[in-house]
Amino acid sequence: MVNKVNHDFEEMIEGAGSVDTKSLSGGAKINTIFHFRFPGYLNEGRLDEQELRKEIGYAIRNIHGVRSGLFTPDAAFEMTVKRQIQTLAPPSMKCIQQVSTELHEVIMKCIDKLKNYPNLQKEIDNLVSSYLRECEQECRNQINQLVEVELAYINTNHDDFIGFTSQTKSESVKDVQTTNNATDTQVNQLIKKGWLSTSNVGLTKGLSREYWFVLYTDALAWFKDES
């Protein structure tokens, strides 16, 4: 009889044996929890990109305080990301609870066939329910540990951070870049050019040489001839 309960439980989880045509149950319901309900729970606490950028912007300004920071602090990203990581725990716990509840219902359906043996039915219920609670608690501990691991180190070298930082910097220094571009058009202006005579240089002491020089605002170049 115990083997029969075990066999019925496996069939309800795997979808074998008699199939319920009126509602979802067993493995099908657990599949729905994982693939449909759980993603919905995660999306409930997710910020849209505009709101996320606003939070990071406020964090950057608050970290700089009265100073006008030259660089984007990593702490601003870490604070925001840690808040988002922490929001993953409640949906995960909710998913665990629903799966545990469904497993217990499957167990109750399986042992219902043992109602002619109430003592055996009660003992199986106690043993299986106790084991299920232990597994549920272990699963909760694993989720909490995983969240703590993710919170322990935030990889700000990730492409998502780099892309956001680049965009933030490009927006914040847009006016400066425009000014620099305007200045670049005036860089390397020709100041003077002509022949330059040198003498008493190294091994050529006592000799003189002439070079064609070109003087710019930030550089000096010389050549053997004008061409």
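What follows draws every value from the coordinates through simple rules; no lab data is involved. What you see is a predicted model; the values in this text were computed from it and never measured. Cβ sites come from the backbone with ideal geometry, for glycine too, and all protein chains shown count toward neighbours.
Some points to look at:
- A simple spin-label model places pseudo-atoms 7 Å from Cα toward Cβ; at Met1 and Ser130 they are separated by 1.9 nm.
- Phi-derived couplings, Karplus 6.51 cos²θ - 1.76 cosθ + 1.60 at θ = phi - 60°, listed residue by residue for the range 74-91: 5, 4, 5, 5, 4, 4, 5, 5, 4, 5, 5, 5, 5, 6, 6, 5, x, x Hz, with x used for Gly and Pro.
- Pairs exceeding 20 Å between alpha-carbon atoms, taken from Lys4/Lys115; Lys29/Lys113; Lys4/Lys109; Lys94/Lys122: Lys29/Lys113; Lys94/Lys122.
- With each label modelled as a point 7 angstrom along the Cα→C-beta vector, the Ile63-Glu10 pair spans 5.4 nm.
- Quick note on the range 110-160: its Rg to Rh ratio, both from C-alpha atoms and Rh being the Kirkwood radius, is 1.44.
- Computed from the C-alpha gyration tensor, the three semi-axes of the ellipsoid equivalent to the range 52-145 are 52, 11, 6 Å, from longest to shortest.
- Coil-residue chymotrypsin sites (Phe, Trp or Tyr not before Pro) of the range 22-77, DSSP, other Cβ within 10 Å capped at 12: Phe71
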